[in-house]
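One structure below.
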C-alpha cells in the first residue's frame, strides 16, 4: 500500500450506503470519487454524492431545501478547505457563484456524512484496522471503535466535522470486511455501524452499511481548487438561516 502513496497518484471509488431497520432496507446515498495521494497519506479528493431521492418523491409543498437535495452535490477537498457545488449548496449560493468555500472543510458535504468512515489510503487507519483483524478467503475482517478512528484519522474528522462525540458513540464499534487483490491492494470495503451513533442513540436493530469499490490504484490524479472568482464563503442574501439548518442536519457540524 505504501508504494501507492505518492504525489500525483491516487485511486477511484464508487459506493452506496444502505440503511436497514426492522421495517425497511433501502439505498440512501450513492457516491463516486477520486482520492489523490501525498507521501504516506491523502492529499485531496473530488467526490460526487447523491441522496436516493427523486423529485417525484416530494410534493409541491416540500421545503426548497428538500427539493435541492434531489440534485447531486460535488465536493473538492484540499487539505483543510472544501469547495462544494450542487445539491443544497446551489440553493444558498449567490447567483454569480458556482462553489461554496468552507474552511475548515468537509470531505464530502452533506452526503459524505453517510459515506465510508474508514479511509484505507491512510496508513494509520489501515494499520489500526488490521491490528486485530481476521484473515478471510479474499481479505480481512474486523471491528474498530469510533473513538479509535476519531483519534487517528484526519479523513474521519473532516468527514463528520464534529467537535465532540457523545460518550456512547465513541464506544460504538464499526464492523468491516475488506477484499484485496493479488497485490494486496483493497478492492472492496464494507463497513456497518448502528444508525443513530452520531446523536448518541445507536440501535443495533437499525444500521448503516457502506459498500465501497476501489479501482485504479496508482492512477495519475490531479485535483485542483476551483477559481476563487467562482467561489463564495457567504450565502446569498436571505439564506443565512438556511446555513444554520444545514449545520444542524443530523447533529453534524459542517464547518459553517
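The values are calculated or read from the model by the stated rules, or taken from the named source; none is laboratory data. Everything numeric in this text was worked out from a predicted model, so none of it was measured. A quick note on method: Cβ atoms are made from the backbone with ideal geometry, for glycine too, and the neighbour counts reach across all protein chains shown.
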- Sort through 215, 207, 192 and tell me the only one that's out of contact with any helix residue (DSSP H, G or I) (no Cβ under 8 Å at 6 or more places or on another chain), modelled with pLDDT under 95 and assigned to a strand (DSSP E or B). 207
- Of the numbered conditions (1) in contact (Cβ under 8 Å) with a residue 24 or more places away in the chain; (2) over 20 Å from the mean Cα position of the chain (by Cα); (3) farther than 17 Å from residue 140 by Cα, residue 203 fails exactly one; give the number of that condition. (1)
- Taking helices (runs of 4 or more DSSP H) that do not extend beyond segment 53-167, which have at least 1 residues that are touching a helix residue (DSSP H, G or I) at 6+ places or on another chain (Cβ under 6 Å) and under 25 Å from residue 224 (Cβ atoms)? 87-92, 109-112, 154-160
- Residue count for segment 5-30, restricted to those that are part of a strand (DSSP E or B) and under 20 Å from residue 185 (Cβ atoms): 7
- Here are 92, 70, 113: which of them is on the phi < 0 side of the Ramachandran plot and under 13 Å from the mean Cα position of the chain (by Cα)? 113
- Query: Can you tell me which of 123, 94, 104 is surrounded by fewer than 20 Cβ atoms within 10 Å (Cβ to Cβ), under 30 Å from residue 187 (Cβ atoms) and touching a strand residue (DSSP E or B) at 6+ places or on another chain (Cβ under 8 Å)?
  - Reply: 123
- Task: Tell me which residues, restricted to segment 141-176, are more than 28 Å from residue 78 (Cα to Cα), crowded, with 18+ Cβ neighbours inside 10 Å and at pLDDT 95 or above.
- Result: 142
